[in-house]
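Chemist: Here it is, the structure in full.
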Amino acid sequence: MQRDEMPVDVLFVGAGPACLSGAIHLKKLIDAHNEAIDAGQKSGNKLDEVMIAVLEKGSDVGAHQLSGAVLDPLALNELFPDWKTREDFPLERYVERDEMVFLTPTGHIKAPWLPPEMVNHGKPIISLGRFTKWLGTRAEELGISIFPGFSGNELLFEGNQCVGVRTGDKGIDKDGTPKDNFTPGMDMKAKVTILGEGPRGHLARKLIERRKLDANCNPMVYELGCKEVLELPPGTIKEGFVVHSLGFPLDMKTFGGSFMYSLGGDKVCIGMMTALDAADPMLDVHHQLQVLKNHPFVRGIIGQGKVVKYGAKAVTIGGWASMPQLYTDGAMLVGDSASFLNPMRIKGIHLSMKSGMLAAEAAFDALLSGDNSANTLKAYKERLDASWVRTEMEASKNMHANFGQGIVGGMVRTGVQWLFGPGSSTKPFEADYDHMKTISAYYGQATPIEKPKLEFDGKYLVDKLTDVYMSGTKHDEHQPAHLKIVDTEICATTCKEQYGNPCTKFCPAQVYNMRPNEQTGRLEMAVDFSNCVHCKTCDIRDPYQIITWVPPEAGEGPEYHAM
Ligand code: SF4
């Protein structure tokens, strides 16, 4: 097949905060370098006509961005020191009230004190979708080329050197035949490729596997976050507030919690985050979110609201302990794809931004020297080790391992390490799917105990399919399913008997459904892939590891924008 080739100098994959910050920082470094040479303040060659490109699989920058989010502005201060005074900055509110509560099934206990890491007072509340859109606009103003609607499907190699990315083909029918609108993906050849595709990045995974970049770290581990935006009656929200909760609806063995942030206007977001190493095979975070909203404490704050947006996303929580080698010949890993999140604070946007900026500095070295081997790109890790990122992330490196045996023990161990430091060793932990128990082992009987039924009113408490509609998700059904199940016979037999088909519960978009075969009546797996919100949970939590998420036709998926 004839494919177009596009040569670029530095290619960023994924228009999230990591790649956009990296692209902007790189362009500023190049411009400053060239200006210094023009002014006679520096010797050497100018870097003329450097092409920096950013690929984005969503329909537009911000379409696939989802987060809380209260932003720690550390990296933003470095990238745009004037952000506070810019009229175009997409601020929702500043945090004026900051609370942590422990929820019991019917009541709540307010924490009398917050550790300094958890204090958000004065920080900006943002919508990550709007924030990345703003970063994208700033990048384009600097001359960076952004390609929305283009997914990175394959890595290109010459020997062991990564030399770019092949974008996805468009216009392929369900059975794999080209349609009238077939357009082959193009080969974007780059001197340096920087992967920042978010949690469980498709290409990042391939690079890590091929170059064995995870040989010396723990596996990446995740929470699933389900988030809704609710609209409240005019005048209800009077201040910027942040409420984090622990406890109900989770048991004392499952790690997770919730958040509620006030947004601009009379909107509030609420999210439930639960670790994907939960033992319960019937884990359903979307259901937990609805149960949480039914709690009297939560109803007292947002009970008048109407759900207007929904999204779900896996969140990396292994932090420093799960960070792979960040560089190899021709390529680097940034952001969530490389575990840049502090699990103690459940904050990662500032770390992702800084990771992109530090990778950009190594890419700048490579452009100057003409050497894009690992030997040059390792400067990224050296700069990271000398930065505030390491200071912040290393302190929480054992957080995930500490909570492995339960919440109370985890809090005690984390508290001790908070006081005395994490120690020199990094504790080991296993991948999330290793922790799921069978139905009989978890429930002590052959069938699961049913979760309490909720009365969905379609306004405040909503079922999954209503929420999927709120996510704006769309996929053309005339294309190959982007969720590849190696052997659906396992779904119909072993998985059904042992685990009760957990994907039918944990998928926050009801993609997986067991339906009777028309001829035999046997229950078999049906994959309604057009509902998929790209959270990657199935790829992570499936106990048999037979599901792989691959990018669908680019430009499709959720439309988060204001999430
Ligand atoms: Fe998430 Fe997988 Fe469901 Fe898509 S199919 S929404 S990636 S769990």
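Chemist: Just to be sure, is V298 farther than 20 Å from L246 by Cα and aliphatic (A, V, I, L, M)?
Modeler: In short, no.
Chemist: Does L103 count as open to solvent by 10 Å² or more (accessible area, probe 1.4 Å) and either under 24 Å from the mean Cα position of the chain (by Cα) or in contact (Cβ under 8 Å) with a residue 24 or more places away in the chain (or both)?
Modeler: Judged against the criteria, L103 is not a match.
Chemist: For the stretch 177-229, which residues satisfy the criterion of being under 27 Å from K427 (Cα atoms) and among the aromatic types (F, W, Y)?
Modeler: Passing the criteria: only Y222.
Chemist: State which residue is most open to solvent (accessible area, probe 1.4 Å) when the search covers only the stretch 307-331 and only residues that are part of a strand (DSSP E or B) and closer than 21 Å to D277 by Cα.
Modeler: Across the stretch 307-331, the extreme among qualifying residues is K313.
Chemist: Another question, if that's okay. State which residue is farthest from the ligand (Cβ to nearest atom) when the search covers only the stretch 526-560 and only residues that are surrounded by fewer than 21 Cβ atoms within 10 Å (Cβ to Cβ) and closer than 23 Å to T466 by Cβ.
Modeler: So the residue we want is E559.
Chemist: Out of all the residues in the stretch 174-187, which are in a loop (DSSP other than H, G, I, E, B), more than 24 Å from V527 (Cβ to Cβ) and of a type outside the set (A, V, I, L, M)?
Modeler: Within the stretch 174-187, P184 is the sole residue that qualifies.
Chemist: Applying the selection to the stretch 427-478, what residues are of a type outside the set (D, E), closer than 23 Å to A314 by Cα and open to solvent by less than 30 Å² (accessible area, probe 1.4 Å)?
Modeler: F429, A431, M436, L461, V462, K464, V468, S471, G472, T473, H475
Chemist: Right, here's the next one. Out of the residues in the stretch 476-498 that are more than 10 Å from the ligand (Cβ to nearest atom) and of a type in the set (A, V, I, L, M, F, W, C), state the one that is farthest from C538 (Cα to Cα). Steps first, answer last, please.
Modeler: If we filter the stretch 476-498 for residues that are more than 10 Å from the ligand (Cβ to nearest atom), which is where we start, we get 476-480, 484-498.
Keeping just the survivors that are of a type in the set (A, V, I, L, M, F, W, C) gives 485-486, 490-492, 495.
Values: I485: 10, V486: 13, I490: 15, C491: 13, A492: 17, C495: 14 Å.
Applying the filter and picking the extreme gives A492.
Chemist: Still on this model: Here are the criteria: (1) away from the ligand (no atom under 16 Å from the Cβ); (2) in contact with a His (Cβ under 8 Å, 6 or more places away or on another chain). Tell me which single one L292 does not satisfy.
Modeler: (2)
Chemist: Residues to consider are R413, R390, R383; find the one that is more than 19 Å from L333 (Cα to Cα) and part of a helix (DSSP H, G or I).
Modeler: That would be R413, the only listed residue that is more than 19 Å from L333 (Cα to Cα) and part of a helix (DSSP H, G or I).
Chemist: When the stretch 192-223 is examined, which residues are found to be more than 20 Å from A15 (Cβ to Cβ) and assigned to a strand (DSSP E or B)?
Modeler: Y222, E223
Chemist: Only one of G122, G171 is in a loop (DSSP other than H, G, I, E, B), in contact with a Phe, Trp or Tyr (Cβ under 8 Å, 6 or more places away or on another chain) and not basic (K, R). Can you tell me which?
Modeler: The match here is G122.
Chemist: Please determine, by comparing only the residues of the stretch 499-521 that are closer than 23 Å to T274 by Cβ and of a type in the set (S, T, Y), which one is farthest from the ligand (Cβ to nearest atom).
Modeler: Ranking the qualifying residues of the stretch 499-521, first place goes to Y499.
Chemist: For V54, indicate whether it is in contact (Cβ under 8 Å) with a residue 24 or more places away in the chain and touching an Asp or Glu at 6+ places or on another chain (Cβ under 6 Å).
Modeler: no
The values are calculated or read from the model by the stated rules, or taken from the named source; none is laboratory data. Keep in mind it's a predicted model, so treat the numbers as computed, not measured. Don't worry about glycine lacking a Cβ; one is built from the backbone with ideal geometry, like all the others, and counts go over all protein chains shown. Areas reflect the complete protein model, heavy atoms only, side chains present, ligands, DNA and RNA absent. Shrake-Rupley method; radii C 1.70, N 1.55, O 1.52, S 1.80 Å.
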